[in-house]
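Participant: Below is the structure I would like to discuss, written out as structure tokens.
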Amino acid sequence: MRILVTGSRAPVALGMVRAFARAGHTVYAADTPRWTLASHSRHLARHFRVPAPRFDPAGFAAALERIVAAERIDVLVPTCEEVFHVARAFDRLSALTRVFTMPLETLAGLHHKGSFQALAASLGICTPRTVTVSSADELRAALPGFPAYLLKPAYSRFATRIVTNGGPLAGRVLVDEVRPTPEHPWLVQEFVGGELLCSYSTLHAGRVTAHCAYETPFRVDHGSGVRFVSADGTATREIVARIGAALGYTGQLSFDFILGADGPVVLECNPRATSGVHLLDPAKLVGGILDPEQPAWTEPAGRGGQLWAPLLVSVAGEPRRWRAGLAALLRGGDVVLDPRDPLPVLAQLGLGAHFAGVARRNGTGMAAATTHDIEWNGEA
């Protein structure tokens, strides 16, 4: 098959490019920066630069249409937040090729954290008690009902805007700094303590074809995981299957859970790829995406992977974790470093410089800079 992977900046996109190519497929990739992790992979037939979808969604969609037509693409696989812009153009693109996601109306209900919580609760899935607020008055009225609370925007990522009075982030940001509006609502949520568990799944017509549950023992500032270890996925796959079946979902679904006394408590959903991609058996990953008939696969516990550079950053300011960080580095390989495909490691330098410039120009952190030009926050 001829496959187009978008969002080539992401480590998961690089992982997919390598897996597809090593399975015998011809792989193309696209993104907005000149240098990305996958742009210089030896496994790519060609890399394309496309307009930034957040600022030029029509140009982005038109560019993908041209690539799909010119290269006779059989399957388009989005990986990062550009998935929402691919979904906006789903009808146009799916007329030309198979698109491994759903239309925006489906993804929007998963991306908005409040509507996702309502969906999960309606399916009988354990989820924190949640109220969506659209003004300061609504926030003040809701808070007394939540002695232990966690606040977050309805559209957010990387846990960069969490406000809570529980856990390691307690008190870091004050409630007075939260200003919800109808255009930018926030969630007031019951704080649930416990161990974080994540999952990544591929689905076709509501059926799970590949699933990986994983722990993130090292995270950058309690947000994105930089070391990942597969865990028992029996309970989480059942939850994914229930949601997928209710939506008739085709594409990728990723979830965050807290392991409660009675099992996983689902926190939020990302309808895109996450680090579980690195832990899935490559053949099962490829089959999970390309073969609707693949028997459901759940990755066994114990497989590890990591991002070396961010892992070092995550422990740099915590001397008590240096020994554990060093042990993690020695235990598992970097998911970017591959002697058979060496150039992506060097491309990290150019990509890092690009995002540092984005962060400086926009006054944000590096995490926010990585999605600045591709994110979608409910805009019409």
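Participant: Relative contact order (percent) for the stretch 19-161, with alpha-carbon contacts under 8 angstrom and 6 or more residues of separation?
Facilitator: 12 percent
Participant: Does the stretch 129-190 come out rounded, prolate or oblate by the C-alpha gyration tensor, with a ≥ b ≥ c the root eigenvalues, rounded set by a/c under 1.5 and, if not, prolate when a/b is larger than b/c and oblate if not? Display every interim value, and only then the final one.
Facilitator: On the way: a/c = 1.59, a/b = 1.16, b/c = 1.37.
Note, shape of the stretch 129-190 comes out oblate.
Participant: Helices from the chain with mean Kyte-Doolittle at least 0.0 and a Cα length along the axis of 15 Å or more, per DSSP H: which?
Facilitator: Qualifying helices, which must be both long enough and hydrophobic enough, are 11-22, 57-71, 234-247, 343-362.
Participant: Counting only DSSP beta bridges with both residues in the chain, tell me the antiparallel percent, nearest 5.
Facilitator: 70 percent
Participant: Counting only C-alpha contacts under 8 Å and six or more residues apart, can you give the relative contact order of the stretch 75-159 as a whole percent?
Facilitator: Taking the mean separation of contacting Cα pairs over the length of the stretch 75-159, I get 22 percent.
Participant: Can you list the trypsin sites (Lys or Arg not before Pro) in the stretch 1-72 that are in a DSSP coil and have 14 or fewer other beta carbons within 10 angstrom?
Facilitator: Those that pass, being in a loop and sparsely packed, are R34, R42, R72.
Participant: Given the options E138, E177, E81, state which has the largest fluctuation in a GNM of the chain using a 10 Å cut-off (strictly under) for Cα springs.
Facilitator: Result: E177 has the largest fluctuation of those listed.
Participant: Determine the calculated [θ] at 222 nm for the chain from helices alone, applying -39500 (n - 2.57) to every DSSP H run no shorter than 4 residues and normalising by the residue count; nearest 500 deg cm²/dmol.
Facilitator: Estimated from H runs of four or more residues: -10000 deg cm²/dmol.
Participant: Relative contact order of the chain, please, whole-number percent, based on alpha carbon pairs below 8 angstrom and at least 6 residues apart.
Facilitator: Averaging sequence separation for qualifying contacts and normalising by length gives 18 percent for the chain.
Participant: Let me ask something else about it. Just E293, E190, E82 to compare: in a GNM of the chain, with alpha carbon springs under 10 Å, which one fluctuates most?
Facilitator: Looking only at E293, E190, E82, the biggest GNM fluctuation is shown by E293.
Participant: Of the candidates P53, P295, P185, which one comes out as most mobile in a Gaussian network treatment of the chain with C-alpha springs shorter than 10 Å?
Facilitator: P295
Values in this text are rule-based calculations from the coordinates and carry no lab data. Every value quoted in this text rests on a predicted model; they were computed, and no experiment measured them. Neighbour counts run over all protein chains shown; Cβ positions are idealised from the backbone, glycine included.
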